[in-house]
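The values are calculated or read from the model by the stated rules, or taken from the named source; none is laboratory data. In this text the structure is predicted, and so the values were computed from the model without any measurement. As a convention, Cβ positions derive from the backbone with ideal geometry for all residues, glycine included, and neighbour counts pool all protein chains shown. Surface accessibility is based on the protein's heavy atoms, side chains included, excluding ligands, DNA and RNA. Shrake-Rupley method; radii C 1.70, N 1.55, O 1.52, S 1.80 Å.
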Amino acid sequence: MGCAISGSGLASRTAESRNTEDEAPARLTPDHIQLIKESWKVIQEDIAKVGIIMFVRLFETHPECKDVFFLFRDVEDLERLRTSRELRAHGLRVMSFIEKSVARLDQLERLETLARELGKSHFRYNAPPKYYGYVGAEFICAVRPVLKDRWTSELEQAWKTLFQYVTGIMKDAYLEEERSKHNHTLPSSKERPDKRNTAI
C-alpha cells in the first residue's frame, strides 16, 4: 500500500511483546509537541488534500470501516470516493479536529476535553474504538509525502504519540457512554421486585 505502517492501527512492531500498550496512556513530551507544531505549519497548507488521501487510504486498507459511514458504505469505486464532496467535507472535519488538537498541545486539559467530546459523539454515531487507530496510521501515511525531507523517525513517533493519546481518551469516553447507556436501560433497584417480600 506504499506505507510501512499502513493498517497497523499505530501499534508498534513490538506491541505484542508489551502488553502494557493499552494500559499505559501515551505521554506527549515537550519535544513531541514542538515537532508536531512545526510540521503542522506545512501540513495545514494541504489540509483538504490530506483529508481525502487519508480516508481513501482508510477505506482501501480497511474496507470494513465503510460500515460506519452511511454515505460511503456501498461505494466500491475508490475514484468516486476521491471526488466525493461528502468525503472531502468529512476529511476536512477530521483535519479540523487535528488542527484544534495541535492548537491545544500546550493546554492538555483542553485537548482532553475535546477528545472526550469526540469519543462520546462517536458512541452516538456507532463508530467503535477499534477503528480509531486506523485513522492515525493513514494520516501519517498521507502527510509523509507532504513533508518530504522534513519527515523523520522522531516526527513520526511524535504524531503516533499524539494519536495514541487522543484515541485513548476517545476510547475511554466512548466506553463511559456505553456503560452509562447500559445502566440507564437496566431497571433501578426501586423497579426490581424486592425478593425479601416475595417469600411465602
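Quick check: is even one residue across segment 97-105 hydroxyl-bearing (Ser, Thr, Tyr), within 12 Å of the chain's Cα centre (by Cα) and modelled with pLDDT of 95 or more? Yes, there is a match, as at least one residue in segment 97-105 is hydroxyl-bearing (Ser, Thr, Tyr), within 12 Å of the chain's Cα centre (by Cα) and modelled with pLDDT of 95 or more. Within segment 66-79, residues that are open to solvent by 40 Å² or more (accessible area, probe 1.4 Å) and of a type in the set (Val, Ile, Thr) reach no partner that is in a helix (DSSP H, G or I) and modelled with pLDDT of 75 or more with beta carbons closer than 6 Å at six or more positions or on different chains. Scan segment 121-130 and tell me whether some residue there is crowded, with 19+ Cβ neighbours inside 10 Å, within 25 Å of GLY168 (Cβ to Cβ) and either at pLDDT 95 or above or not hydrophobic (A, V, I, L, M, F, W, C) (or both). Yes: one or more hits. Here GLU99 passes the criteria (1) touching a Phe, Trp or Tyr at 6+ places or on another chain (Cβ under 9 Å); (2) open to solvent by less than 70 Å² (accessible area, probe 1.4 Å); (3) closer than 26 Å to LEU175 by Cα except the one numbered (2). Just one of the listed residues (LEU58, LEU111) is buried (at least 16 other Cβ atoms within 10 Å of the Cβ) and at pLDDT below 95, namely LEU58.
Would you please list the contacts, defined by Cβ atoms under 8 Å and residues six or more apart or on different chains, that run from a residue in segment 28-51 that is among the charged types (D, E, K, R) to a residue that is open to solvent by 30 Å² or more (accessible area, probe 1.4 Å)? Note: pairs meeting the criteria are ASP31/GLU154. Filtered by the rule that a residue be closer than 19 Å to LYS49 by Cα and open to solvent by 10 Å² or more (accessible area, probe 1.4 Å), segment 150-175 gives ARG150, TRP151. Taken over segment 99-129, the residue count meeting the criterion of being charged (D, E, K, R) and touching a residue at least 60 places away in the same chain (Cβ under 8 Å) is 1.
Take the conditions (1) modelled with pLDDT under 95; (2) under 13 Å from the mean Cα position of the chain (by Cα); (3) assigned to a helix (DSSP H, G or I); SER180 misses just one of them, which is (2). Screening VAL143 against (1) modelled with pLDDT of 95 or more; (2) closer than 27 Å to ASP67 by Cα; (3) within 14 Å of the chain's Cα centre (by Cα) leaves a single unmet condition, (3).
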